[in-house]
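Colleague: First, the structure itself, so that you have it in front of you.
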Amino acid sequence: MIIGKNAIVFAFFYSVIALILAFLFGSFASVLGYRLPRDLSIVKPGSFCPHCNRFLEFWQNIPVISYIFLQGRCFYCDTEIPIRYFLLELLAAVLASPFIYKLIFIPFRAFSEVGMDISHLGINFINYLLILILLSLAIAMAFIDFDTKQIPHQLSYPAIIFACIYAKFFLCETIIDILIRLGLCFLIFDAFNHFANKIIFKRLALPICPGALTFRFAFLERVMSYVYIVWICALIFLFINNQFMVLRILLSYLGISYIFNEFIIDFLVFNHFKKKITMEKLEEKYQYHPSAEFFEEQKVDFKQLKNAWGGGDTSLIVVIACFAGFQNCFLSITISFFMALLIHFFQKEKSREIRLGPALTFALFVAMILTV
């Protein structure tokens, strides 16, 4: 058994490995942040210089080290590499540091000094890897939202899945409780999205999953504002009257419907065939009813569509709630939004727009600190 100073060295060695993994996931986040908005595959081609299109060698693509060694310039064309990618890799390592200390350094030190079941070390390491995945997805979403004002579902939906997996296996949540939390989050924050757009932009946003709320009755889609109000009032009524079984059934239904409609049908099946679907068919797909209140005009111009609160923001909040529960979710969101408003207030160039992606990413980090 390793004891004393050797135990600290032993734990430090594994912590360095965990830190290297954090740098690698930060590099992965930078790849996502660059390629997804440009509709490029994240697998092929390999890393390349966007200026001269030359493929990078292995030694030119080492996170942090290559940037410092190359002095922030391309080896081939001497073009300056944006420092944001270097900072993103450092950011991933900084955000991962508390989890390295708690999940890697302390358990390995305890294992070295007093002994511990090796399976616990493996579970902690898998726990840390899942946290890295969520952090890298959240960082990529923050940078994409900052650049494009959108959070792609290619990142938010996998993040929800990883958060649900984490809640099931590491927080010991039941599947029913996860579905209830999923359904309630989508209902609350999608309703907020709906009415925020009505107040700010004088139009109503397209519901994330209208079929789950209207039970596929087309005539209800013409009055979605009332549907939201009825749903929320019904859930409050059931809660006040202690009808928890019915409440759990309805919320579980919402959670299952969102997974089936959004993840399976729209995200997987529809995206698989999107190359065969013209823009006319796409507009027709979102034209649920000629007199629906979703949009002011009958034809939808997706490029001009504005939202006060987008579906990607809702999905990112669902990630936080699935990971950390409602209490830590609302606390972390409150802290992050307060900081975002302070930063916005002290900015020299004032703007009516506030990017929620970076604030929600910080909220996810705070929720992780509170939960893990």
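Every read-out reported here was derived from the displayed coordinates using simple, explicitly stated rules and does not represent laboratory data. Keep in mind it's a predicted model, so treat the numbers as computed, not measured. Please note: Cβ atoms are built from the backbone with ideal geometry, for glycine as well, and neighbour counts cover all protein chains shown.
Colleague: Treat the count of other C-beta atoms within 10 Å as a stand-in for reagent exposure and order 131, 42, 178 from fewest to most.
Modeller: Fewest to most other Cβ atoms nearby, the residues stand as 42, 178, 131.
Colleague: Can I ask one more? Apply 1/(1 + (r/R0)^6) to the Cβ-Cβ distance of residue 242 and residue 369, taking R0 = 30 Å, and write down the FRET efficiency to the nearest 0.05.
Modeller: Result of the calculation: an efficiency of 0.30.
Colleague: Something else now. Where nothing but the Cβ of Lys and Arg (+1) and of Asp and Glu (-1) is charged, how large is the charge dipole of region 44-92 around its Cα centre, in debye to the nearest 20?
Modeller: Here the size comes out at about 120 debye.
Colleague: Label points 7 Å out from Cα along the Cβ direction at residue 64 and residue 8: separation in nm?
Modeller: Each label point lies 7 Å from its Cα, and together they span 2.1 nm.
Colleague: OK, next. Select from region 10-80 those trypsin sites (Lys or Arg not before Pro) which occupy a DSSP coil region and have at most 15 other Cβ atoms within 10 Å, ordered by residue number.
Modeller: In loop regions of region 10-80 (DSSP not H, G, I, E or B), the sparsely surrounded trypsin sites (Lys or Arg not before Pro) are 54.
Colleague: Then there's this: Once you have a ≥ b ≥ c as the square roots of the Cα gyration tensor eigenvalues for region 5-140, tell me rounded if a/c is under 1.5, and otherwise prolate or oblate according to whether a/b is larger than b/c.
Modeller: Since a/c reaches 1.5 and a/b is larger than b/c, the shape of region 5-140 is classed as prolate.
Colleague: How high is the FRET efficiency from residue 77 to residue 196, r the C-beta distance, R0 51 Å, rounded to 0.05?
Modeller: The computed FRET efficiency comes out at 0.65.
Colleague: Follow-up. Please compute the length gained on full extension between residue 47 and residue 149, using 0.36 nm multiplied by the number of residues separating them and subtracting their Cα-Cα distance.
Modeller: 34.2 nm
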